[in-house]
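First up is the structure itself, then whatever we jot down about it.
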Amino acid sequence: MQTLNLIWQDFIVFLSFAACITGLFLLSDAKQTQVNELEETEQILFRMSFAYWLVYCVSFGIQKIALPDWEILLLSLKLTSTLSYFLTFACVLCLPLHRLAVRQVEE
């Protein structure tokens, strides 16, 4: 049962990796015509959250293939995964907070 859970977790991380690449491609493909500061900030936050999650997915995948004898590599990958996970969370949390702050300034 635990092996099945690990396979599902790997599959979900791989799907989110593909979704991050798609999201970054779609955000970079957006036309840059007369964008105000609010929209530009939101695009930057979206790009940052996709990029940080992409780093998480890559480091998670490398952890699965890395040799167990390389303790320093595994430790740095775990640290990278943790930092990118928290940075993704911070970017996702900043998006609605930024919108709320802009609304309060406009009122």
What chymotrypsin sites (Phe, Trp or Tyr not before Pro) does region 45-98 have in DSSP loop regions with at most 11 other beta carbons within 10 Å? W70
Choice from L83, L54, L75 with maximal GNM fluctuation in the chain (Cα, 10 Å cutoff): L75
Mind listing P(r) for the chain? All alpha-carbon pairs, 10 Å bins, whole percents. 14, 34, 30, 15, 7, 1
In degrees, nearest 10, the alpha-carbon axis of helix 37-65 is tilted away from the dominant principal axis of the alpha carbons of the chain by 0
Using a 1.4 Å probe on the protein heavy atoms, what percent of the accessible area of the chain belongs to carbon and sulfur? 69
Measure nothing but the geometry: give the 0 to 90° angle between the long axis through the Cα atoms of 2-28 and the longest principal axis through the Cα atoms of the chain, rounded to 10°. 30
Relative contact order for the chain using alpha-carbon pairs under 8 Å, separation at least 6, rounded to a whole percent? 30
Would you mind checking the tilt of helix 71-106 against the longest principal axis of the Cα atoms of the chain, expressed as 0 to 90 degrees and rounded to 10? 20
Among I21, L97, L74, whose Cα sits farthest toward the positive end of the charge dipole of the chain (+1 at Cβ of Lys/Arg, -1 at Cβ of Asp/Glu, about the Cα centre)? L74
Using a simple charge model, +1 on the beta-carbon of Lys and Arg, -1 on the beta-carbon of Asp and Glu, nothing else, what dipole does the chain show about its Cα centre, in debye to the nearest 20? 220
What accessible area per residue comes out for the chain, rounded to a whole number of Å², with a 1.4 Å probe? 77
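The values are calculated or read from the model by the stated rules, or taken from the named source; none is laboratory data. Remember, it's a predicted structure, so these values are computed and weren't measured experimentally. Glycine also receives a Cβ, built like all others from the backbone with ideal geometry; neighbour counts cover every protein chain displayed. Just the protein is used for accessible areas: all its heavy atoms, side chains included, with ligands, DNA and RNA removed. Shrake-Rupley method; radii C 1.70, N 1.55, O 1.52, S 1.80 Å.
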